[in-house]
Structures are given as C-alpha cells and as structure tokens.
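I have placed the structure first, in the form of structure tokens, so that the comments after it can refer back to it.
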Amino acid sequence: MVAGSGPQVQHAEAMLLLQEVLDIQSRALLDGDVATMRATVNLPYRRITMDMDMIMETEADLELGMEAFTGSLRSLGVNHFIRLASDAEFLNDHIIEGHYVTHALRNATQMVPSYHNRIVLQNFDGTWRLIEVASELEAKRWPISLLRVAESGMLRTQKSEHDARRHTDHPLPVYQRFLDQLTSATVDQNFDAYIALCDLPYTSHGNNVDTLMASPEDVRPFFDLTVDLINGETADTFVRSADNAQFLGSDMICGYHKSLFLKAGETALPAIKSRMILKHTGMGWKLKHVTNAIANKTYPYGAPEPTDALPTHREIQERTKSWQTLN
C-alpha cells in the first residue's frame, strides 16, 4: 500500500497487483505449469465453490487440483483463459481482497459462461500469493475436474468494517492468545470458561474418529480427561504452542499448534499436533473445528495416542461429507 496515498491511488495499486497475479496464474493454469502456479499460492489456502468449502494444505492436493483444472480446460479446447480484475482493495498493508471475471475461450468462442470470483491475496516477503478464492462453479469435491458454471451464484458480499483483517495483519499472536485462554481454563479446571471459548456445535477429529460436539455434555469427557492428565500423576504442566496461523476469511483463522505435557520439566507424553479453525463471533474468537493427530478409535477415550500424521482438512471433509461446511 502506498503510504499516505488516497483511496483512489490505493484502489489503483490493489487492482494492478491483483491483475498481475491473475495473469501469471491464468497462463500457468492453461499451460499446466505447476511450479509457476505454486509460486503464487500460499499453503494453506481456502477454496470455495457453490457446493464446497475446503482448506488446501499440501503440495500434492495443490498439484492434483491444478492438473484436473488444466485437463478440464484442454478437454473443452480452451486456448484463451482470461481473468480480469473488476474490483480490489487493501484490507491492510499485507492483504488485498478483490473480484474478477473468468472467460474461457476457444479462439473467440466462449466455451463456458463467464463467471465471477472473489479472491484474497497476502504479501509474503514481497510476493503476493493466493490465500482464499471463491468461484461461481458447481463442484462438491476436490479436485475440480469439470468446469461447470453455476446457473446462479452470490459471491459478492457486503463489505464489513468488522472484518478482522482490517484490524490486524498478524493472526499468529491472536491464535496463540486463544490457545493460552483455552489452556488456562483447563489448568484452572474452569469448565464454564472453556465452554465459553467454544462455538457449539463444533467438530472434533482424530486420525480415526469424527465427533460432533453439540452440547457441553459432549465436550465434558475431553475436558475431564485433560484435567486428569495434568493432575500431577502423568504430567504437571500443559502448554499449547502455536506454529502457524492464517486468516482464511473475514472471521476465520486456521492455526496449527502442538500440545505439550511435561512433568518436572521433562516430556511426559509425545507432543500432539493439532489444527484449529477459529471463528469470530460477537463475543470474540471461538473454536469451530479441531483436528488432533491421535490414533484413538473411540470417543471418549482413556488417554490420547499421539501419531505423526495430522489428517488434512480435505481428508476430514471426505470422511464427513454430510456434515456442515466451514460456514
């Protein structure tokens, strides 16, 4: 963002930066150039269609999606893939939100109806990269192997001054503060404070079990288990340490952390890898989804069984197809 510049200059700069990224991506998608596309995308990023809302976290899923999309363009005979920015603004110095229209042509013939998209870019060490994109496409699962435009779509949402990204461009401290609050509630054995940080219903996942936490009674076994683990016999210290966090919406943070259990300063249990999706409500940040790298096959369970593999959000979505999306 140009320091001290007016709205018109900032808008023009945002439009220019967005169009530059769109042009690079459009050529990469048409050519099947995975490396060039990868340079314009941050992981994780959020992919939304009219039927799907998913977080992409791995190089493999990104490459799978790009190969399928490029294959769809080629099957239609598309040789001109054009995406034109229609609006853009800086939400803060490091994030741009904008809209664009996609045109897929074979010579001068439109192969599918033109469709609208919403996109969010973030500046990472001087490079603008995609962190969120929503398209008026019909697609229920990844990858998008058939370019099918929805008959009706509503992607343009009213701009909100309450957009969390307008007030901070550093989600990691926000995520760590939330983890500290959640952990303090457990250490203090304050179940009411713990539940106040949960947006019920929320979903909880492990490597083998998916659970809908619809009521405080559903959450209580997990809370009690953790309290028992740190009562001094197994461990006497409990810490959640954030590794990474990313805004993936105006009211959403996706974060990654480790849960550490210590006794007399020494490791009491293997660290548990976790991902939490937080949603901002009128009462602050609340837990909406949590995934833990644990191998337990039931819930409730007697003790966590940590693993090295944290299931991806895409894997969770595949396992819970009938469940609600991130919204």
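The set of residues in the stretch 3-32 that are open to solvent by 60 Å² or more (accessible area, probe 1.4 Å) and either among the charged types (D, E, K, R) or in contact with an Asp or Glu (Cβ under 6 Å, 6 or more places away or on another chain) (or both) comprises GLU20, ASP23, ARG27, ASP31.
Of the residues making up the stretch 282-318, those that are more than 26 Å from ASP224 (Cβ to Cβ) and not in a loop (DSSP other than H, G, I, E, B) are HIS313, ARG314, GLU315, GLN317, GLU318. Look at the stretch 197-208: where a residue is without any contact (Cβ under 8 Å) to a residue 60 or more places away in the chain and a partner is open to solvent by less than 10 Å² (accessible area, probe 1.4 Å), sitting 6+ places away or on another chain with Cβ atoms under 9 Å, you get LEU200/MET213; LEU200/VAL219; PRO201/MET213. Has the stretch 131-140 got any residue that is at pLDDT below 90, open to solvent by less than 70 Å² (accessible area, probe 1.4 Å), under 25 Å from LEU278 (Cβ atoms) and of a type in the set (Asp, Glu)? There is no residue in the stretch 131-140 that is at pLDDT below 90, open to solvent by less than 70 Å² (accessible area, probe 1.4 Å), under 25 Å from LEU278 (Cβ atoms) and of a type in the set (Asp, Glu). Cβ-Cβ contacts under 8 Å between residues 6 or more apart (or on different chains), taken from a first residue in the stretch 282-299 that is within 22 Å of SER250 (Cα to Cα) to a second residue that is in a loop (DSSP other than H, G, I, E, B) and open to solvent by 30 Å² or more (accessible area, probe 1.4 Å), are listed as THR291/LEU310.
Residues in the stretch 68-77: is at least one more than 25 Å from ASN244 (Cα to Cα), out of contact with any Cys (no Cβ under 8 Å at 6 or more places or on another chain), surrounded by fewer than 17 Cβ atoms within 10 Å (Cβ to Cβ) and at pLDDT below 95? Within the stretch 68-77 (the criterion being more than 25 Å from ASN244 (Cα to Cα), out of contact with any Cys (no Cβ under 8 Å at 6 or more places or on another chain), surrounded by fewer than 17 Cβ atoms within 10 Å (Cβ to Cβ) and at pLDDT below 95), the answer is no, since none of the residues qualifies.
Yes or no, residue by residue, for (1) over 23 Å from the mean Cα position of the chain (by Cα); (2) over 21 Å from SER145 (Cα atoms); (3) of a type in the set (A, V, I, L, M, F, W, C); (4) part of a helix (DSSP H, G or I):
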{"site": "VAL9", "(1), (2), (3), (4)": "yes, yes, yes, yes"}
{"site": "ALA12", "(1), (2), (3), (4)": "yes, yes, yes, yes"}
{"site": "LEU16", "(1), (2), (3), (4)": "yes, yes, yes, yes"}
{"site": "ALA35", "(1), (2), (3), (4)": "no, no, yes, yes"}
{"site": "ARG46", "(1), (2), (3), (4)": "no, no, no, no"}
{"site": "MET50", "(1), (2), (3), (4)": "no, no, yes, no"}
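The values are calculated or read from the model by the stated rules, or taken from the named source; none is laboratory data. This one's a predicted model, so the numbers in the text were calculated from it and none came from an experiment. Heads up, the Cβs are rebuilt from the backbone with ideal geometry, glycines too, and the neighbour counts pull from every protein chain shown. All accessible areas refer to the heavy atoms of the entire protein, side chains included, with ligands and DNA or RNA removed. Shrake-Rupley method; radii C 1.70, N 1.55, O 1.52, S 1.80 Å.
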